[in-house]
Amino acid sequence: MRFRLSAVLCAVVLLLAWWVPFGVHAQSLFAASTAQTGVFPQRAATLVSSARAPLVTAPKSELVERAMPLIGSHRSPVPGTWRPGNVQPTAELLQEAERLKTSPPRNFADETTLQCIAVSIYHEARNQSHAGQLAVASVILTRAARTDRWGMTPCEVVVPVQFSYLTASRRFAPIMAGNAWDTAVDLAVQAMTRGPDPALRDADHYHATYVDPPWNRAMDLVVQIEDHIFWRSRSAEMAALNAQ
């Protein structure tokens, strides 16, 4: 019995004598490799750089700006009527849509939410895909959700200073393209029932790709969809952090 215990103790001592130097040597090799190659710091720097890199780089241009939205800090979006809901359109909304298709408005004298969104889609993005048109509607609904800044309804948001298709008296060019108008109305109904597109991550500004307005310097780039680049207002906290 004593012989067996002595043999076991000897085996344990030999194993420790082999493992400890090997473990120390392996740790030293790991540290040396990291210090020489910078693998982990480089990987971390790459990840941080990728996270900060914009999805799209807005082109530099001296062309006249399409619009000059107001700049300023904002509070978080206020949950309300225009947040995502995926509700079914009401019978009244569908009836109004059919009336608008039959008789396009000439001005905003008798405005409704559907009318304001549809007219904006038509004049701002009728040459875009459905995704591009819905993105414009999403910006309008996102702004309407921030009642402390732009207004409490989509019609209060759609004003001449913000949307270049409007004149100072909130008039707009005649709606002549019937098919494009029908599509704008249908997409406006879809936007109203779904709310702002979550994929746009609260984008509340956009401009055409052929301009580079100065106000986008104070904003976060979200995405480019065809001929429009979409931006999100930066919170006061984020603006202060980036200024450091």
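The set of residues in the stretch 154-171 being among the polar types (S, T, N, Q) and surrounded by fewer than 17 Cβ atoms within 10 Å (Cβ to Cβ) consists of S164, T167, S169. Out of (1) modelled with pLDDT of 95 or more; (2) crowded, with 18+ Cβ neighbours inside 10 Å, the odd one out for M176 is which? Of the numbered conditions (1) modelled with pLDDT of 95 or more; (2) crowded, with 18+ Cβ neighbours inside 10 Å, the odd one out for M176 is (2).
Residue under question is A137, and the condition is that it be small (G, A, S), touching a Cys at 6+ places or on another chain (Cβ under 9 Å) and under 26 Å from A91 (Cβ atoms); does it hold? So A137 does not fit the description; no.
Residues in the stretch 136-170 that are acidic (D, E) and within 24 Å of D186 (Cβ to Cβ): E156 only.
Within the stretch 103-135, restricting attention to residues that are under 18 Å from Q190 (Cβ atoms) and not in a helix (DSSP H, G or I), the residue that is most open to solvent (accessible area, probe 1.4 Å) is R126.
Within the stretch 77-88, identify whether any single residue is at pLDDT 90 or above and either among the basic types (K, R) or over 29 Å from V211 (Cα atoms) (or both), and answer yes or no. No, that holds for no residue. Taking first residues from the stretch 126-143 that are more than 16 Å from P198 (Cβ to Cβ) and hydroxyl-bearing (S, T, Y) and partners that are surrounded by 20 or more Cβ atoms within 10 Å (Cβ to Cβ) and at pLDDT 95 or above, the Cβ contacts under 9 Å between residues at least 6 apart in sequence or on separate chains come to S129/I225. For the stretch 187-196, the criterion of being over 27 Å from E96 (Cβ atoms), out of contact with any helix residue (DSSP H, G or I) (no Cβ under 6 Å at 6 or more places or on another chain) and not small (G, A, S) is met by no residue.
The values are calculated or read from the model by the stated rules, or taken from the named source; none is laboratory data. Source: prediction; values computed, not measured. Note that we place each Cβ from the backbone using ideal geometry, even for glycine, and neighbour counts take in every protein chain shown. Side chains included, ligands, DNA and RNA excluded: accessible areas come from the protein's heavy atoms. Shrake-Rupley method; radii C 1.70, N 1.55, O 1.52, S 1.80 Å.
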